[in-house]
Amino acid sequence: MTLTDTAYTVDTDKARLDVAMIHRFLAEESTWALGIPRALVQRAIDHSLCFGVYAADGTQVAFARVVTDTATYAYLLDVFVCTAHRGQGHSTRLMDAVMTHPDLQGLRRFMLATTTAPGLYARYGFAPPALPEALMERCVVDPYRTKAAR
C-alpha cells in the first residue's frame, strides 16, 4: 500500500525501510526499546506490517509497525518521527495510513501502549481499556539494557 501527498509518501514496502535508521532510533532515542539489538529489530520488522514515511528524495522520516492477524486483532507499536522532521504533520500522515490500511479494517480489538502521544491516538479512537480488569500483561522493563546500565 502506498499513499502519496505533495512531498511525502507512506509505504508498506519493507524493502524501502531504512533498518539502520530504525534500529538507531529505537536503540538510542526511544523511551521503550533502549538498547534493543539490531537482530531483534529486523525480526520484528520481518513479522509485522510496517509503515514508512519517505521524503521525495527517498529519505525515511517516520516509522510504525503493527502486529496483527489481519482478522480480529492488531497491536500498534514502535511509532516515531525522526527528531529533525517533527512538527510537520508526519505523525498524522502515518496514523492516517495505518488506520485506513485494508488489512486493519473490521478488527475486534486494536491496541497500543503509549506514554508520549495519547492525544494523537485519541484522535483515531484509541482510549483507555473499556474493561481494564480483563487485561493482563507480562512486562519486562528495560529488557535490552544491561544490568550495569540500569
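Taken together, the values in this text are just the output of simple stated rules run on the coordinates, not laboratory data. Computed from a prediction, not measured in an experiment: that's the story for all the values here. FYI the Cβ positions are ideal-geometry reconstructions off the backbone, even for glycines, and counts take in every protein chain you see.
Within region 58-81, the residues that satisfy the criterion of being under 16 Å from W32 (Cβ atoms) and not small (G, A, S) are F63, R65, V66, V67, Y75, L76, L77, D78, V79, F80, V81. Within region 89-103, the set of residues being more than 13 Å from Y124 (Cα to Cα) and in contact (Cβ under 8 Å) with a residue 24 or more places away in the chain comprises H90, H101, P102, D103.
Checked against (1) part of a helix (DSSP H, G or I); (2) more than 26 Å from L17 (Cβ to Cβ), L120 meets all criteria but (2). Return yes when V67 is under 15 Å from the mean Cα position of the chain (by Cα) and closer than 16 Å to A15 by Cα and no when it is not. Judged against the criteria, V67 is not a match. Taking the criterion of being surrounded by 12 or more Cβ atoms within 10 Å (Cβ to Cβ) and of a type in the set (V, I, T), the only residue of region 101-115 that qualifies is T114.
Looking at A7, A15, A56, A33, which is the one that is over 14 Å from C82 (Cα atoms), small (G, A, S) and free of Cβ contacts under 8 Å to residues at least 12 places away in the same chain? After applying the criteria, what remains is A15.
When each of V53, V41 is tested for being more than 29 Å from L135 (Cβ to Cβ), surrounded by 15 or more Cβ atoms within 10 Å (Cβ to Cβ) and either among the hydrophobic types (A, V, I, L, M, F, W, C) or out of contact with any strand residue (DSSP E or B) (no Cβ under 6 Å at 6 or more places or on another chain) (or both), the lone residue that passes is V53.
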